[in-house]
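Bear in mind these aren't lab numbers, they're just calculated from the coordinates by the rules spelled out. As the structure is a prediction and not an experimental result, all values here were calculated from the model. Here Cβ is always computed from backbone atoms with ideal geometry, including for glycine, and neighbour counts include all displayed protein chains.
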Amino acid sequence: MRIIGVTIPDNKRLEIGLTAVYGVGRARAQKILDECNIDYGKRANDLSLEEEAKIRKSFEAFTLEDDLRREASNSIKRLKDIKAFRGLRHIKKLPVRGQRTKTNSRTVRGNVRKTMGSGRRKEEKK
């Protein structure tokens, strides 16, 4: 089964399989299945054509996939353009939501670690 250009896995429960679509998590998948009166545990290959049509129709109400990605990137671009604090953090590739950077955010800043200590071994006295 394909929805909005994404193939829904046949071997997974629908509740999980629908999360393959960008912008659909477990909660939204459950909400869609509740609207369509379909069991969460049903597999994609067990669906009838009417049930598939119901699911496709309920997906039209949401902003998903490419539109959602475009919307997010436009929001970040706008923050960068107006030189907002969050936009500057995006430009510098630093954490945006107030996380600490002294010890964490290694993956973003690069894996440069400073060793603690004097750096030299003290010579033993005889």
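The modelled label-to-label distance between residue 107 and residue 53, using points 7 Å beyond Cα along the C-beta direction, is 4.4 nm.
Once a ≥ b ≥ c are taken as the square roots of the eigenvalues of the Cα gyration tensor of the range 65-108, is the result rounded (a/c under 1.5), prolate (a/b larger than b/c) or oblate (a/b not larger than b/c)?
Working: a/c = 3.14, a/b = 1.64, b/c = 1.91.
Oblate shape, in that a/c is at least 1.5 and b/c is the bigger or equal ratio.
Full extension of the chain between residue 99 and residue 16 gives 26.8 nm of extra length, using 0.36 nm per residue less the Cα-Cα distance. Judged by the mean number of other Cβ atoms found within 10 Å, the most tightly packed of the peptides 21-32, 80-91 leads the ranking 21-32, 80-91. Straightening the chain between residue 30 and residue 46 buys 4.0 nm, computed as 0.36 nm per residue apart minus the Cα-Cα spacing. Remark: the Cα gyration tensor places the range 1-50 in the rounded category, a/c being less than 1.5.
Of the residues 49, 14, the one with the fewest other Cβ atoms within 10 Å heads the list, and the complete ranking is 49, 14.
Using Stokes-Einstein with the Kirkwood hydrodynamic radius over Cα pairs, what translational diffusion coefficient do you get for the chain at 37 °C and a viscosity of 0.692 mPa s, in µm²/s rounded to a whole number? After rounding, the answer is 175 µm²/s. Computed from Cα atoms, the angle from the helix 26-35 axis to the main principal axis of the chain rounds to 10 degrees.
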